[in-house]
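K.L.:
Dropping a structure here in structure tokens format, bear with me for questions.
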Amino acid sequence: MKTLKIGICGWGNVATGLFKAIEKNSNLIQLNGGVNLTIDVIGARRDNPKCNPGKTKIERDIFDVIKHDIDVVVELIGGVEVARELIIKAITNKKHVVTANKAVIFHHGDELFKLAQENGVKILFESAVCAGTPIIKLLKEELAANKVSKISGMLNGTSNFILSNMEEGAEFDSTLKLAQDKGYAEPDPAFDIEGMDAAHKIGILSSLAFGTSLPPEDFFVEGITKIQKSDFSYAMDMGYTIKHLAVAKINESSLELRAHPALISLDSHLANLKGVRNGMEIDTDLIGKIHIAGSGAGQESTASGLISDLIHLSNTNEISDQFYKGDEGKYPVLDFSNLVFQYYFYIEAEDKPGVMASITSLMASKEVGIESIVQKEELGDSCVPIILITDPFKESDHAELQKELLNLDSVRAIRSIRIEAK
Ligand code: HSE
């Protein structure tokens, strides 16, 4: 039986989860993976009361982990610049690297992969995208013969947990607190709820599937903080729910790259994935649409992805370029303002004659068609919600239209959400 000697850097939630999972499932890992995973050293700035590392050697300076006789450094410190430094040091000391750190791969992927190649070592990162739900090796290996044209889905477990709980009537703040308690959220949860975490992940997937650079060009990112509980019931009346979607899609010779909330049809596969689940739909030429779903955050799911990389490492000798650079070369990222969407508008207006007419005539003057407009039950204080679904129009006209609607005398508040085409 082969042995893989591991040094873990970091001793937080994810690292202790990996330690416990290796202890718990070592027989299974030996049986299925044919490898004995030994944790020889842990770089821990401080003890973690939630996990006793037993007799494992502890280094207080995480960089000292690299000095040990180990095969692989598992980078679990998070953050970007120190993590980059650590990975570079591991690589130049001829240690393989496994990381769950999407931010460092997003910002420095191209540099790190090149360096790994030059030093004859591997850098693996299955758990950086959707934790243990398999997607990296799936795209890189199982789908290697396919031309992928679109990847879309919910890539942030915390956002999906919050939105699907709000769909059931829960409040945003208390659900975020619950996601933090369960260890789903990033140390700074703004990364989850403002969309950056999902953006990092779709950037990485786009690089794998379409050869875009890491870091990628700037692209449109919006989080879930403006979504209200009532939007779910209004959306549902029209056959939609609300998800945080990340999309990478080939449009002729350019790439659509974006991460933002969207109304999606209730009968779609992604609409039914609730809680911390991540879900992706991948359009391929040889096998059509593929759906992948599973837990996208948390200690155990992340440990599963890390262990899959460790097994992969011990079973493959080939050192090849990690990233696909197809014949087509890199696709330029499309300007988001040139994309076309249908929109859901929530308009809070005074309940008086002529309100609807003022809204519809403004829309007509802007040459934006209306698919439906419905006045809902009064909110009190002579105020009514009006739910408007537009025909498709250009993103570049969206902000101006929203501003002009808000400027109408009778309109008190407004918000909008893009609708994802089927
Ligand atoms: N905070 C992340 C999420 C963890 O909620 O998806 C996994 O990357």
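Coordinate-derived values only; no laboratory data. Predicted, not measured: the structure shown is a model, and the values here were computed from it. Note that each Cβ is placed from the backbone with ideal geometry, even for glycine, and that neighbours are counted across all protein chains shown.
K.L.:
Provide the gained length on full extension for the span S337 to N251, in nm with one decimal, where the gain is 0.36 nm per separating residue minus the Cα-Cα distance.
P.N.:
Taking 0.36 nm per residue and subtracting the Cα distance, the gain is 29.5 nm.
K.L.:
What is the antiparallel percent of DSSP beta bridges lying wholly in the chain, to the nearest 5?
P.N.:
65
K.L.:
If eta is 1.306 mPa s and T is 10 °C, what Stokes-Einstein diffusion coefficient results for the chain, Kirkwood Rh from Cα pairs, in µm²/s?
P.N.:
69
K.L.:
In cubic angstrom, how much convex hull volume per residue do the alpha carbon atoms of the stretch 101-140 span?
P.N.:
68
K.L.:
Please state the Cα pair-distance histogram of the stretch 1-131 with 10 angstrom bins from zero: what percent is in each bin?
P.N.:
Per 10 Å bin, starting at zero, the Cα-Cα P(r) for the stretch 1-131 comes out as 13, 45, 35, 7 percent.
K.L.:
List the lysines whose Cα lies under 20 Å from the Cα of K150, skipping any in the same chain that are fewer than 8 positions away.
P.N.:
Reachable lysines: K137, K140, K201, K243, K249, K289, K325, K330, K422.
K.L.:
Over the stretch 129-188, what per residue volume does the convex hull of the Cα atoms give, in whole Å³?
P.N.:
Once divided by residue count, the hull of the stretch 129-188 is 106 Å³.
K.L.:
Which FRET efficiency value, to the nearest 0.05, is calculated for I370 and R46 with the Förster distance at 45 angstrom and r the Cβ-Cβ distance?
P.N.:
Numbers: r = 59 Å, r/R0 = 1.31.
Once rounded, the FRET efficiency stands at 0.15.
K.L.:
Moving to a separate point now. How are the alpha carbon pair distances in the stretch 272-395 distributed across 10 Å bins from zero to the largest one, expressed in percent?
P.N.:
9, 19, 23, 20, 16, 10, 3, 0
K.L.:
Moving on. Based on the mean of other beta carbon atoms within 10 Å per residue, what is the order of 262-275, 194-207, 236-249, most packed first?
P.N.:
Result, highest mean Cβ count within 10 Å first: 194-207, 236-249, 262-275.
K.L.:
Remind me, relative contact order of the chain in percent, using alpha carbon pairs under 8 angstrom and six or more residues apart?
P.N.:
Relative contact order of the chain: 16 percent.
K.L.:
Dimensions of the stretch 58-202 along principal axes (Cα, Å, largest first)?
P.N.:
Cα extents, longest axis first: 52, 45, 20 Å.
K.L.:
Quick one: if you take sqrt(5λ) for each eigenvalue of the C-alpha gyration tensor of the stretch 194-247, what semi-axes come out, biggest first, whole angstrom?
P.N.:
29, 12, 7
K.L.:
Whole number please: convex hull volume per residue of the Cα set in the stretch 148-229, in Å³?
P.N.:
Given the Cα convex hull of the stretch 148-229, per-residue volume reads 106 Å³.
K.L.:
In terms of Cα to Cα distance under 17 Å, which lysines are near enough to K55, apart from those fewer than 8 places away along the same chain?
P.N.:
Output for K55: K5, K20, K24.
K.L.:
Something else about it: Write down the radius of gyration of the stretch 81-162 and its Dmax, each obtained from C-alpha positions, in Å.
P.N.:
14.3, 43
K.L.:
Would you mind calculating the gained length between K94 and V82 on full extension (0.36 nm times residue separation, minus the Cα-Cα distance), in nm to one decimal?
P.N.:
2.5 nm
K.L.:
Follow-up question, since we're still on this one. How high is the relative contact order of the stretch 12-107, in percent, with contacts defined as C-alpha pairs under 8 Å that are six or more residues apart?
P.N.:
22
K.L.:
Against the globular-protein guess of 2.2 N^0.38 Å, express the Cα radius of gyration of the stretch 140-278 as a ratio, rounded to two decimals.
P.N.:
Taking N as the residue count of the stretch 140-278, the ratio is 1.07.
K.L.:
Return the distance in nm (one decimal) between the two label points of a simple spin-label model at M1 and K352, each offset 7 Å from Cα along Cα→Cβ.
P.N.:
Going from the M1 label point to the K352 one covers 7.9 nm.
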